[in-house]
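Everything below concerns the one structure shown next.
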Amino acid sequence: PPPQVCRAISVVLGPDYIRTPSSEQEVEDLVRGFSRAHGLPQCLGVLDCTHVAVKAPARRSSDYVNAAGTHSLNVHALCDYRSCFLDVVVKWPGGAHDARVFTESRLNSDLRDGTIPPCPKELLQVRNIWVHMGSIWVHMDHLGPSGNIWVHMDHMGPHGSVWVHMGPSGSIWIMWVHMGPSGSTWVHLGPRGSIWVHGEAAVPVYLLGDAAFPLRPQLMKEYPAGGETAAERRFNRALSGARSVMRAALGRLRARWGALRRAMDLSVDALPAVLHACFVLHNYCEARGEAVAERSLNAALQHDRDAQPPPCVSVETGDQDAEGRAVRRVLTEFLDARRRKL
């Protein structure tokens, strides 16, 4: 369709068919769906940047040259477990690094400040917490919706138990435990309501990304160099398998709209509305169960393998974030413990 029609589709249908979850129930439904489909707890969806070929613009042409040496737009997208898109940003030239596209996105700021998703962090694993007068055993593996967990204490006198309160963000950080009045135990909250329980981090709702993205508590990626231990390598395989939902989504998108597999004869000013409309109509088709021809899908997947530039890893995409590393470690141990129980 002409650009004017695409703009109308984007403006009128876009808000209904491409949107991030706005309620706790919507978040829980997406997280549970992802867990059932891919076995990863607390995961909302998969984040990626995909390049769409453009003809060399007359102005600032070099900005559009990507890592493969071709001209493109770098499209930021988030999809859920059903291969439907929750967020799409079409404005960046192909030379923009994926990490920058995410860092400067509204999605990133909404994740940082808690606007998205509106639900608490979840404690996936805990261990014994030793104090000088005995040990505390946390009986629940998961924090409940009531905003607190019951903790039984061994060898702590007549009271024998302690109530642990959660911080305002729905999480706690146990930095230290000490004796309070009448034999009670006080648990201290850390900054920003994040949780640490004897070295074990609570896991917020997070996204999955590839090596081009920075590691954050709300953005998980694989261990570098394939992982050092067997548990890390299994974690990497789990993430790679889960990220296949994005590859499927983009493949189905390009299978439906073959124009996305070549440089369209449109200006870079007109292209964003056209591309966004393609994502909107993809979700429209998925919601109605519209099939995709297998031949077109295979051609689209092959196009992505051949034409997409490799992810560029830089200092800003590394694993320096301590909270991100801690959350990844908890997820790794959680998946490993679950595997041993099977």
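Values computed for the structure shown
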{"item": "Residues of the stretch 259-317 classified as surrounded by fewer than 15 Cβ atoms within 10 Å (Cβ to Cβ) and of a type in the set (Val, Ile, Thr), total", "result": "1"}
{"item": "Matching residues in the stretch 8-30 - criterion: being touching a strand residue (DSSP E or B) at 6+ places or on another chain (Cβ under 7 Å) and polar (S, T, N, Q)", "result": "THR20"}
{"item": "The stretch 282-302 residues that are assigned by TED's automatic domain parsing to the domain that holds THR50 and assigned to a loop (DSSP other than H, G, I, E, B), paired with ones that are surrounded by fewer than 17 Cβ atoms within 10 Å (Cβ to Cβ) and of a type in the set (D, E, K, R) (beta carbon under 7 Å, 6 or more apart)", "result": "none"}
{"item": "All strands (runs of 3 or more DSSP E) inside the stretch 1-99 with 2 or more residues being among the polar types (S, T, N, Q) and crowded, with 20+ Cβ neighbours inside 10 Å", "result": "72-79"}
{"item": "Subset tally (residues that are among the hydrophobic types (A, V, I, L, M, F, W, C) and either farther than 24 Å from ALA277 by Cβ or not assigned by TED's automatic domain parsing to the domain that holds ALA77 (or both)) for the stretch 7-29", "result": "1"}
{"item": "Near pairs, Cβ below 9 angstrom, 6+ apart or cross-chain, from the stretch 57-75 (at positive phi and in the same structural domain as PRO93 (by TED's automatic domain parsing)) to any residue that is in a strand (DSSP E or B) and modelled with pLDDT of 90 or more", "result": "ARG60/PRO93"}
{"item": "Any hit, the stretch 321-341, residues being of a type outside the set (Asp, Glu) and closer than 30 Å to ARG59 by Cβ", "result": "no"}
{"item": "Among (1) modelled with pLDDT of 50 or more; (2) surrounded by 21 or more Cβ atoms within 10 Å (Cβ to Cβ); (3) not in a strand (DSSP E or B), the one test that ARG233 misses", "result": "(2)"}
{"item": "Set ASN108, ASN66: member being farther than 17 Å from LEU250 by Cβ, among the polar types (S, T, N, Q) and modelled with pLDDT under 95", "result": "ASN108"}
{"item": "Residue in the stretch 83-99 that is at pLDDT 70 or above and on the phi > 0 side of the Ramachandran plot present", "result": "yes"}
{"item": "Residues satisfying the stated conditions in the stretch 236-252, i.e. touching a residue at least 40 places away in the same chain (Cβ under 8 Å) and part of a helix (DSSP H, G or I)", "result": "ALA238, LEU239, GLY241, ALA242, VAL245, MET246, ARG247, ALA248, ALA249, LEU250, GLY251, ARG252"}
{"item": "Failed criterion for VAL205 (all others in (1) modelled with pLDDT of 95 or more; (2) crowded, with 17+ Cβ neighbours inside 10 Å; (3) under 22 Å from VAL101 (Cα atoms) hold)", "result": "(1)"}
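The values are calculated or read from the model by the stated rules, or taken from the named source; none is laboratory data. Small disclaimer: the values here were computed from a predicted structure and weren't measured. Because the Cβ atoms are built from the backbone with ideal geometry, glycine has one as well, and the counts that use them run over all protein chains shown.
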